[in-house]
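*Asks:* Dropping a structure here in structure tokens format, bear with me for questions.
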Amino acid sequence: MKIYALYHIYEETVDETVYKQIKRIGYFETKGECEDIIKVFITYVGFRDHPESCFQIFEYEVGREYWRKEFLS
């Protein structure tokens, strides 16, 4: 079984320092659900001033380990 995580990610510069801004919007059963949510969120304050490409969908398999190697070193 797979799930899809929807994020809004962009870079913002403050006093010559670049920060990555990440907003986790939610987890969904299908990519289509994510795409429907993007159509709504793209009109909201905090989202509409950024290109649609800032919305990113990540696919995860339920029951699978992620990032384990980084925690074991």
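The values are calculated or read from the model by the stated rules, or taken from the named source; none is laboratory data. Bear in mind the structure is a predicted one, so any value in this text is a computation, not a measurement. Don't worry about glycine lacking a Cβ; one is built from the backbone with ideal geometry, like all the others, and counts go over all protein chains shown. Ligands, DNA and RNA are excluded from the accessible area calculation, which covers all protein heavy atoms including side chains. Shrake-Rupley method; radii C 1.70, N 1.55, O 1.52, S 1.80 Å.
*Asks:* How many of the residues making up segment 21-31 are more than 10 Å from the chain's Cα centre (by Cα) and open to solvent by less than 50 Å² (accessible area, probe 1.4 Å)?
*Replies:* Qualifying residue count, segment 21-31: 1.
*Asks:* I've got another one for you. All but one of (1) loosely packed, with under 10 Cβ neighbours inside 10 Å; (2) touching a strand residue (DSSP E or B) at 6+ places or on another chain (Cβ under 6 Å); (3) in contact (Cβ under 8 Å) with a residue 24 or more places away in the chain hold for M1, so report the exception by its number.
*Replies:* The one condition M1 does not meet is (2).
*Asks:* Using the structure shown, decide if E11 is open to solvent by 80 Å² or more (accessible area, probe 1.4 Å), in a strand (DSSP E or B) and within 17 Å of M1 (Cβ to Cβ).
*Replies:* No; evaluated as a whole, the condition is false for this residue.
*Asks:* Follow-up. Looking only at residues in segment 32-65 that are among the β-branched types (V, I, T) and surrounded by 11 or more Cβ atoms within 10 Å (Cβ to Cβ), which one is nearest to L6 (Cα to Cα)?
*Replies:* Ranking the candidates gives I57 first.
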